[in-house]
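Worksheet for the structure shown next.
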Amino acid sequence: AVNDVPMDQWTPQEITDHIQYMHDFAARLEKTGEFVDGQALAPEGTWVRYDGEDRPPVTDGPFAETKDLIAGWMVIDVDTRQRALELAAELSAAPGAGGRPIHEWLELRPFLTTPPTVTE
């Protein structure tokens with residue numbers, strides 16, 4: 001991100017402005033029928049994986065400090081990939097520290113609509 005100031009260092013007003021931007025963005029997409037759902041996520045999280053029969057789950061792993069922070073997600077229903085790119089770019093402009101756009105990288109990923117094919 002260009003404006004790479006962690007949210008825990010933002011002022012209360014900067015947080016309010018950011019959340020209001022997100023709400024306004026979602027409300028606008030609700031009017032066009034493009035908004036499906038969105039949720040903010042707590043910063044705390046645990047990575048977990050299977051570690052074998054009769055063994056407890058493994059949490060975090062050897063490189064927990066490299067985990068990505070996923071602040072939330074939004075599901076949109078658009079007609080074209082171009083429209084999805086436009087909306088994601090707009091969302092990346094949400095205000096952050098100093099009221100400046102955060103320029104955050106957002107992952108754009110479609111739903112899997114058909115099961116993957118297996119070739120032998």
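Restricted to the range 10-49, and to residues there that are in a loop (DSSP other than H, G, I, E, B) and among the β-branched types (Val, Ile, Thr), the residue that is nearest to PHE111 (Cα to Cα) is THR46. Annotation note: of TRP73, TRP105, the sole residue that is modelled with pLDDT of 85 or more, touching a strand residue (DSSP E or B) at 6+ places or on another chain (Cβ under 9 Å) and either hydroxyl-bearing (Ser, Thr, Tyr) or within 30 Å of GLY33 (Cα to Cα) (or both) is TRP73.
Summed over the range 33-51, residues that are closer than 13 Å to ILE70 by Cβ and hydrophobic (A, V, I, L, M, F, W, C) total 4. Among the conditions (1) at pLDDT 95 or above; (2) touching an Asp or Glu at 6+ places or on another chain (Cβ under 9 Å), the only one that GLN82 does not satisfy is (2). Within the range 13-32, the residues that satisfy the criterion of being closer than 15 Å to GLY72 by Cα and aliphatic (A, V, I, L, M) are ILE15, ILE19, MET22, ALA26. Scan the range 70-79 for residues that are open to solvent by 70 Å² or more (accessible area, probe 1.4 Å) and out of contact with any Phe, Trp or Tyr (no Cβ under 9 Å at 6 or more places or on another chain) and the total you get is 3. Among the residues making up the range 8-60, those that are surrounded by 13 or more Cβ atoms within 10 Å (Cβ to Cβ), over 17 Å from the mean Cα position of the chain (by Cα) and without any contact (Cβ under 8 Å) to a residue 24 or more places away in the chain are ARG28, VAL58, ASP60. Can you go through VAL5, VAL75 and tell me which one is at negative phi, touching a residue at least 12 places away in the same chain (Cβ under 8 Å) and in a strand (DSSP E or B)? The unique qualifying residue is VAL75. Would you check if GLU107 is part of a loop (DSSP other than H, G, I, E, B) and more than 17 Å from the chain's Cα centre (by Cα)? No: the conditions fail for GLU107.
The values are calculated or read from the model by the stated rules, or taken from the named source; none is laboratory data. Just so it is clear, the structure is predicted and the values come from calculations on it, not from any experiment. Cβ: placed from backbone, ideal geometry, glycine included. Neighbour counts: every protein chain shown. Quick note on the areas: whole protein, heavy atoms, side chains included, nothing else; ligands and nucleic acids left out. Shrake-Rupley method; radii C 1.70, N 1.55, O 1.52, S 1.80 Å.
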